[in-house]
Amino acid sequence: MASDQERDRRLKTAKKAIKELGHTYKEVAATLERRHARGVPSHIRDCPLARYLSDVVGAPVWVTGSALGVGGRTDIASMLSLPFHLRQFVYLFDGGAFPQLKECEFFHNSNEEIRQ
């Protein structure tokens, strides 16, 4: 488990990365596309936003429709509330928008089998 100092560094990095994604859900989608982030709808660890932030932060990140958690921890000190435009992005992506960010099902299923 990461120290409080490490947790705080990760959260600070995540906040900075969130700001750099853009100010609208469309800007977020365009930024993730430019950075080749791909993911699976309705997967808290495998959506493009979670994968991108995990890479930037250097630790696992999970994303729901309203919050994100850093470092695999679920305590309140390791979580951030998602800004409205990121909530919009998650809702729209999970609903089928931004197909260019969707990882093909075959690839995702192959990874799941490898992990098991």
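We did not get these values from a lab; they are worked out from the coordinates using the rules stated. No experiment lies behind these values; they were computed from the predicted model shown. As a convention, Cβ positions derive from the backbone with ideal geometry for all residues, glycine included, and neighbour counts pool all protein chains shown.
Listed values for the stretch 29-35 are Karplus-derived 3J(HN,Hα) couplings in whole Hz (6.51 cos²θ - 1.76 cosθ + 1.60, θ = phi - 60°), namely 4, 5, 5, 4, 5, 4, 8, and x replaces Gly and Pro.
Residue exposure proxy: 98, 84, 93, ordered by other Cβ atoms within 10 angstrom of their Cβ from fewest to most, comes out as 84, 98, 93. Residues considered: 14, 29, 97. Largest GNM mean-square fluctuation over the chain, using C-alpha springs under 10 Å, is found at 97. Working from label points 7 Å from Cα in the Cα-to-Cβ sense, the residue 75 to residue 12 distance is 1.9 nm.
What the phi angles of the stretch 13-22 give under the Karplus curve with 6.51, -1.76 and 1.60, with θ = phi - 60°, is a coupling list of 5, 5, 4, 5, 4, 4, 4, 6, 6, x Hz, glycine and proline written as x. The alpha-carbon of residue 26 sits under 19 angstrom from the alpha-carbons of these lysines, leaving out residues fewer than 8 places away in its chain: 15, 16, 102. Under 5 Å from the amide H of residue 45 lie the amide H atoms of 63, each residue being 5 or more positions distant or on a separate chain, with H modelled from the backbone and absent for Pro and chain starts.
Across the stretch 4-115, the relative contact order, built from alpha-carbon pairs under 8 Å that are at least six residues apart, equals 27 percent. Here the translational diffusion coefficient of the chain follows from Stokes-Einstein with Rh set to the Kirkwood radius across Cα pairs; for 37 °C and 0.692 mPa s it amounts to 230 µm²/s.
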